[in-house]
2 protein chains.
Amino acid sequence: MFRINENFLNLSESYLFNQISKKVDDFISYKPVTDLIRLGIGDVTLPLPSSIVRSMHSAVNEMSTIETFRGYGPEQGYSFLRERIAEVDYSQRGINVSPDEIFISDGSKSDTGNIGDILGDDNVIAITDPVYPVYLDTTIMRIGKSGKILLLNCDEERGFLPELPNEHVDVVYLCYPNNPTGTVMTKQELKKWVEWSLENGSLILFDAAYEAYIQDENIPKSIYEIENADKCAIEFRSFSKNAGFTGLRCSFTVVPKSLMSKLKNGSEVSLNNLWKRRQSTKFNGTDYIVQRAAEAVYTAEGQIEVGEMVNYYMHNASIIRNSLLMKGWTVFGGENSPYVWLKCPHELDSWAFFDQLLNNCHIVGTPGVGFGSNGQGYFRMTAFNSHEKTEEAIRRINTNY
Amino acid sequence: MFRINENFLNLSESYLFNQISKKVDDFISYKPVTDLIRLGIGDVTLPLPSSIVRSMHSAVNEMSTIETFRGYGPEQGYSFLRERIAEVDYSQRGINVSPDEIFISDGSKSDTGNIGDILGDDNVIAITDPVYPVYLDTTIMRIGKSGKILLLNCDEERGFLPELPNEHVDVVYLCYPNNPTGTVMTKQELKKWVEWSLENGSLILFDAAYEAYIQDENIPKSIYEIENADKCAIEFRSFSKNAGFTGLRCSFTVVPKSLMSKLKNGSEVSLNNLWKRRQSTKFNGTDYIVQRAAEAVYTAEGQIEVGEMVNYYMHNASIIRNSLLMKGWTVFGGENSPYVWLKCPHELDSWAFFDQLLNNCHIVGTPGVGFGSNGQGYFRMTAFNSHEKTEEAIRRINTNY
């Protein structure tokens with residue numbers, strides 16, 4: 001009989017957010033409340049800005065006439081978009097990334113998972129704890145729950161930042177601003193990781209999906225702000241959170257041409273070539289209309305509009321952060337990140353606090369333990385709701401705690 | 001040093017269609033012709049029908065107001081689309097497929113590649129020769145060029161259809177109507193494969209991306225027309241070729257709930273559950289706007305419009321087929337498929353004929369050998385150009401041969 005990939009049997013039963021959504025559905029079917037406030041999954045709520053909407057209508061029209069219709073696009077993405085990204089996200093910030101180092105795709109979730117396709121199964125992979133579950137789950141799917149996965153302890157004592165590993169590590173996933181803790185790495189801190197990586201021949205998979213939320217100028221928005229990071233790091237970026245594309249699906253991954261791995265025989269292999277081969281074989285490009293939408297993000301008007309959206313959400317983050325601090329709760333994140341990470345009150349564990357918030361306050365958050373055992377006793381709240389609902393959520397918390 | 005997936009080193013240098021496009025670019029830069037006719041890559045050229053365009057404009061508008069904005073959708077796809085597929089593509093044809101057996105994704109190329117994620121690396125995989133290169137390349141990426149890949153000889157003598165394997169096979173990729181040969185499997189022929197598969201505990205990966213082109217009522221459009229195929233087959237379908245979505249990206253995969261694999265300890269595992277876990281972990285759903293576009297395919301107006309597109313292309317297929325037959329050339333396909341597969345004239349090999357056609361006729365086709373060694377000496381032409389250009393291509397061939 002044909003065999004399945006038995007690594008799947010080592011995964012927890014369901015993906016965290018499916019588990020939450022099942023719990024919420026069960027609650028609603030038992031008690032049909034209408035005033036639920038969702039501060040759980042990191043999903044945006046503001047509509048797409050008008051410059052982006054205009055661009056999409058225009059792209060839909062292009063698809064409706066034979067002269068301007070577009071079929072298959074380049075698997076790596078259209079150059080009209082890759083050139084804008086290289087210019088605005090990198091060149092204008094003094095970083096040298098060329099369009100052929102940029103790969104447009106349908107989401108960072110896909111890319112941070114699929115990147116494993118080009119890596120060897122014998123690598124030792126380091127993953128922070130707590131962590132965005134996709135890195136861990138996709139690694140388990142690929143290499144199993146073997147001794148090759150090293151969890152980097154990120155606890156409150158360490159400010160939820162990982163320390164450099166003492167053991168041998170080949171690949172490390174880093175996500176800053178961090179999901180779920182909202183913590184950031186200073187330039188100095190990130191420089192330490194880049195230097196460690198260059199010394200050890202390790203690869204950094206850097207998830208910068210939340211860079212738009214950075215307010216502090218000393219926090220790097222890209223790992224390539226650090227010297228020589230182009231020789232040891234792949235960077236993942238997304239249009240989901242800065243421009244509200246969670247329902248449209250667009251992201252990009254930077255694989256520098258200077259990033260090489262050495263084979264046992266000493267010859268060098270370019271990761272840019274490998275990823276290009278992977279994407280052109282297993283992916284057929286991102287929707288043309290969505291690539292035009294992403295292009296609009298880089299117009300003068302688009303930049304102002306997405307900036308306003310980020311400010312809107314950051315206002316919510318500070319409402320949550322400051323209100324909970326005022327209650328004397330222990331709170332992290334929310335300053336350069338849309339995520340606020342808090343210690344559950346009354347020493348509650350994560351799911352117990354989840355249940356209390358759901359039952360008593362009709363608020364959906366995310367239990368910290370869902371991100372790893374170091375998340376036990378912590379809880380994530382997101383800034384992605386309206387000002388009104390965020391304030392109402394705080395009122396309910398103040399009434400109940 | 002971190003290691004790459006060295007299976008990539010066993011792949012041919014570049015994906016076939018990238019190779020062709022490089023050859024064409026080189027030709028044009030050397031001789032800047034303006035009358036090139038593309039009958040190479042299987043890409044559509046007709047604009048999207050008006051029912052689909054209307055539906056997309058309306059979905060873009062929904063994304064522009066806070067009341068109707070949609071963020072993350074279900075990873076498996078919206079039920080409004082899955083229900084229409086279950087109804088129109090299956091139930092109305094007497095096939096029992098439920099919406100939770102249908103997974104919407106961004107393309108069959110992704111899914112036929114990614115499906116390997118849930119399969120064991122110790123399976124023996126059978127792949128036809130010639131074949132759509134994605135099956136072979138993604139299998140090599142995953143398990144290497146080991147003895148576990150069995151090529152099924154599909155040559156002219158066998159009508160380009162595979163015979164049942166004599167050796168043990170765990171998984172077989174079948175694509176009918178076939179890309180590249182345009183051949184089809186009758187119900188009787190496909191039944192033989194389903195029975196073989198059930199007897200041997202094998203899995204059939206059935207790519208039905210071209211089912212809309214089937215004219216003959218005795219040719220199955222879905223493998224589930226064969227009794228008990230739901231216990232041994234996964235089916236891939238696409239909106240690319242029937243509805244012109246090559247630039248929009250939408251497809252779906254059917255994983256029946258009755259499809260099980262047995263572990264060594266005897267317990268059964270549902271492939272539907274595995275694929276759901278894979279998709280919810282490594283994929284974030286298909287663009288909402290594109291799912292609304294796909295939904296419009298199933299309206300009465302949409303069905304008429306996409307039917308007309310298919311007829312348009314099939315008219316081209318018959319122009320190519322009949323004209324080449326009249327020249328006395330040996331021709332396959334083009335009757336239930338947008339692909340015409342021909343024996344190169346004057347015993348030319350595939351790339352030599354490619355070069356002649358490009359240089360002398362300014363026509364781009366696809367060399368059969370790019371699909372496998374049994375394709376050597378054959379050539380694929382597609383029906384996806386305009387009537388005018390297809391007729392002009394035939395005129396040029398008639399002048400030169």
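Across the protein assembly as shown, the fraction of Cα-Cα pairs farther apart than 54 Å, rounded to a whole number, is 10%. Of all the options A:Phe239, A:Phe283, A:Phe252, the one that moves most in a Gaussian network model of chain A with Cα springs shorter than 10 angstrom is A:Phe283. Close amide H contacts of B:Cys175 (hydrogens built in the peptide plane, cut-off under 5 Å, sequence separation of 5 or more or a different chain): B:Asp207. Measuring spread by the Cα atoms of the range B:51-300 yields a radius of gyration and Dmax of 18.3, 62 Å. For the range A:374-386, 3J(HN,Hα) computed residue by residue from phi via the Karplus equation (6.51, -1.76, 1.60; θ = phi - 60°) reads 5, x, 4, x, 10, 8, 10, 10, 10, 8, 8, 10, 7 Hz, glycine and proline entered as x. Across chain B, the mean sequence separation of Cα contacts (distance under 8 Å, 6 or more residues apart), normalised by length, yields a relative contact order of 23 percent. For A:Asn228, the label point sits 7 Å beyond Cα toward Cβ; its separations from the matching points on the remaining copies run 6.4 nm, from shortest to longest. Magnitude of the charge dipole for the protein assembly as shown, about its Cα centre and with charges confined to Cβ atoms of Lys, Arg (+1) and Asp, Glu (-1), is about 20 debye.
What does the charge add up to near B:Tyr401, with Lys and Arg as +1, Asp and Glu as -1, over the other residues with Cβ less than 12 Å from its Cβ? With Lys, Arg at +1 and Asp, Glu at -1, the neighbours total +3. In chain A, excluding the sites themselves, the longest stretch lacking any of the GluC sites (Glu not before Pro) that are in a DSSP loop with at most 16 other Cβ atoms within 10 Å is A:228-401. Per-residue ellipticity at 222 nm computed for chain A from its helices equals -11000 deg cm²/dmol, with DSSP H segments shorter than 4 residues left out and the rest contributing -39,500 (n - 2.57). For A:Tyr378, nonlocal amide neighbours, meaning residues 5 or more places apart or on other chains whose placed amide H falls under 5 Å from its own, are A:Cys344, A:Ser350, A:Gly368, A:Val369. Near A:Ser238, the amide H atoms lying under 5 Å from its own belong to A:Phe252; only residues 5 or more places off or on other chains count, and H is placed 1.01 Å from N.
Residues of the range B:290-306 falling in the label zone of A:Thr68, defined by backbone nitrogen less than 20 Å from a point 7 Å along Cα to beta-carbon, are B:290, B:293. Rounded to the nearest whole Hz, the Karplus-based 3J(HN,Hα) values (6.51 cos²θ - 1.76 cosθ + 1.60, θ = phi - 60°) of the range B:226-235 follow the sequence 8, 4, 6, 5, 5, 9, 9, 9, 10, 10, with x at glycine and proline. Rounded, prolate or oblate: which fits the range B:152-305 when a ≥ b ≥ c are the square roots of the eigenvalues of the alpha-carbon gyration tensor, with rounded for a/c under 1.5 and prolate only if a/b beats b/c? Note, shape of the range B:152-305 comes out oblate.
Between A:Pro345, A:Pro47, A:Pro256, the Gaussian network model of chain A with springs among Cα atoms under 10 angstrom shows the greatest mean-square fluctuation at A:Pro47. The label-point distance for A:Ala352 and A:Glu13, in a model that sets each label 7 Å from Cα toward Cβ, rounds to 2.1 nm. Translational D (Stokes-Einstein, µm²/s) of the range A:20-71 at 10 °C and 1.306 mPa s when Rh comes from the Kirkwood sum over C-alpha pairs? Using the Kirkwood radius from Cα pairs, D works out to 106 µm²/s.
Each label was represented as a point 7 Å from its Cα along the Cα-to-Cβ direction; for B:Glu388 and A:Leu325 these points are 6.8 nm apart.
Taking a ≥ b ≥ c as the square roots of the eigenvalues of the alpha carbon gyration tensor, the range A:194-246 is oblate, as a/c is not under 1.5 and a/b does not beat b/c. Legend: mean number of C-beta atoms from other chains within 10 angstrom of residue C-beta atoms, peptide B:58-69, equals 5.
Note on A:113-123: average number of Cβ atoms from other chains within 10 Å of each residue's Cβ is 5.
Beta bridges from DSSP with both residues in the range A:51-299: antiparallel share about 40 percent, rounded to the nearest 5. The value of relative contact order for the range A:137-189, using C-alpha pairs under 8 Å at least six residues apart, is 22 percent. For peptide B:44-50, what's the mean number of Cβ atoms from other chains within 10 Å of each residue's Cβ? Per residue, the average neighbour count from other chains is 4. Here the Karplus curve 6.51 cos²θ - 1.76 cosθ + 1.60, taken at θ = phi - 60°, turns the phi angles of the range B:178-193 into couplings of 7, 9, x, 7, x, 6, 10, 10, 6, 4, 4, 5, 5, 4, 4, 5 Hz, with x standing for Gly and Pro.
No lab work stands behind these numbers, since they all come straight from the coordinates. As the structure is a prediction and not an experimental result, all values here were calculated from the model. Every residue, glycine among them, receives a Cβ derived from its backbone with ideal geometry; neighbour counts consider all protein chains shown.
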